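The values are calculated or read from the model by the stated rules, or taken from the named source; none is laboratory data. Only a predicted model underlies this, so the values are computations on that prediction, with no experimental measurement involved. Cβ sites come from the backbone with ideal geometry, for glycine too, and all protein chains shown count toward neighbours.
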Amino acid sequence: MIVKEEFLSKLRRYFSLNLYEVKIWAALLSRGVSTAGELSDIANVPRSRSYDVLESLEKKGFVVMKLGKPIKYLAVPPTEVLERVKKNMRKEADDKVGRLDELKNTEVLKELNSLHNQGIDLVEPTDLSGSLKGRHNLYNHLELTIRNAEESVIIMTTSEGFMRKAEGLKPIFEKLKKRGVKIRIAAPITKECHNAMKEIKDVAEVKTTDSKARFCVVDGKEIIFMVMDDSDVHPTYDIGIWVNTPFFASAMYNLYDLAWKGMKPYKK
């Protein structure tokens, strides 16, 4: 059986299988029904491992063991495997989320919070900063910072950034608005932003600007700014800087406030 390494790598990534599993599975798909020994020879997997691998694939719903001698294995249709994998992933995710939810009212979380609070008292102001590499990590920290806002959130971003934030941060913005937090967003609003504008107009005040910058200031105390133009960098190489600095953040807030007065509300 000749299967490209690139194809096997994709199977491993999409279905969370190890190398022996994808080799045996691909071999069985090419045969339909086969014995462990035959699959071992076809897939170039040691016979001592083939039975363990097939047992693992059976538990995951990729194959079915036929009764009789010699024992043979039947390949489950790939479309059905896909649904089974999705179902299993959802169940695993729900189980993990459930276990984490159980921590909320336990002594474990109280002790963790106690450790954290004690540690914060020992932290130097210069230590309350960090670099954020990759847009996924950047947005995770952005969401964390914004979620704790008490008075205000100001954001300046690009057109693409505006659309990303309208989609990803709207639930957070809705909660902040209910708490009375004022949210203002400035961005070069284009016609491509129209749908995002409809999504976010009820939870944030938006104005259009020609300026190109990417930053967020929360309560005039914390600031996150991105050092790259998102149109020129791949998401995995995006970089941001987070600093807890009332001195600098409040200055940025005041500058933003002055610029805001000269910006125009978006008109379709």
Report task. From G180, G161, grab the single residue that is in contact (Cβ under 8 Å) with a residue 40 or more places away in the chain, out of contact with any strand residue (DSSP E or B) (no Cβ under 6 Å at 6 or more places or on another chain) and small (G, A, S). Result -> G161
Requested in this report: Please enumerate the residues belonging to region 229-247 that are part of a helix (DSSP H, G or I) and among the hydrophobic types (A, V, I, L, M, F, W, C).
Outcome: F247
Query raised in the report: Exactly one of (1) assigned to a helix (DSSP H, G or I); (2) closer than 26 Å to S129 by Cα; (3) free of Cβ contacts under 8 Å to residues at least 60 places away in the same chain is unmet by E174. Its number?
Result: (2)
Report task. Could you list all residues from region 44-68 that are part of a loop (DSSP other than H, G, I, E, B) and hydrophobic (A, V, I, L, M, F, W, C)? Result -> V45, F62, L67
Requested in this report: Within region 219-242, count every residue that is buried (at least 18 other Cβ atoms within 10 Å of the Cβ) and among the aliphatic types (A, V, I, L, M).
Outcome: 3
Query raised in the report: So is S40 surrounded by fewer than 16 Cβ atoms within 10 Å (Cβ to Cβ) and either within 35 Å of the chain's Cα centre (by Cα) or assigned to a helix (DSSP H, G or I) (or both) or not?
Result: no
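Yes or no, residue by residue, for (1) under 30 Å from I183 (Cα atoms); (2) surrounded by 10 or more Cβ atoms within 10 Å (Cβ to Cβ); (3) in the same structural domain as I241 (by TED's automatic domain parsing); (4) at pLDDT 90 or above:
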| site | (1), (2), (3), (4) |
| --- | --- |
| K60 | no, yes, no, no |
| N88 | no, yes, no, no |
| K91 | no, yes, no, no |
| D101 | yes, no, no, no |
| K133 | yes, yes, yes, yes |
| T145 | yes, yes, yes, yes |
| E151 | yes, yes, yes, yes |
Report summary line: With the first residue restricted to region 215-238 and required to be in the same structural domain as N137 (by TED's automatic domain parsing) and farther than 19 Å from K177 by Cα, and the second required to be charged (D, E, K, R) and modelled with pLDDT of 95 or more, Cβ contacts under 7 Å at 6 or more apart or on different chains are F225/R214; M226/R214; D230/R214
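Out of everything in region 200-211 that is touching a strand residue (DSSP E or B) at 6+ places or on another chain (Cβ under 9 Å) and surrounded by fewer than 15 Cβ atoms within 10 Å (Cβ to Cβ), what residue ends up being farthest from E174 (Cα to Cα)? Steps first, please.
Going residue by residue through region 200-211, those that are touching a strand residue (DSSP E or B) at 6+ places or on another chain (Cβ under 9 Å) are 200, 203-209, 211.
Subset that is surrounded by fewer than 15 Cβ atoms within 10 Å (Cβ to Cβ): 205, 211.
Working: E205: 12, S211: 26 Å.
Ranking the qualifying residues of region 200-211, first place goes to S211.
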Requested in this report: Only residues in region 248-268 that are in a strand (DSSP E or B) count as the first member; pair them with residues that are surrounded by 15 or more Cβ atoms within 10 Å (Cβ to Cβ), Cβ under 7 angstrom, at least 6 apart or cross-chain, and list the lot.
Outcome: K264/K207; K264/T208; P265/K207
Query raised in the report: Which one of these is touching a Phe, Trp or Tyr at 6+ places or on another chain (Cβ under 6 Å), surrounded by 13 or more Cβ atoms within 10 Å (Cβ to Cβ) and closer than 22 Å to N140 by Cα: I189, I183, I155?
Result: I183
Report summary line: Sole miss for L74 among (1) free of Cβ contacts under 8 Å to residues at least 24 places away in the same chain; (2) of a type outside the set (S, T, Y); (3) assigned to a strand (DSSP E or B) is condition (1)
Requested in this report: Just give me the residues in region 207-222 being under 22 Å from G262 (Cα atoms) and in a strand (DSSP E or B), in sequence order.
Outcome: K207, T208, F215, C216, V217, V218
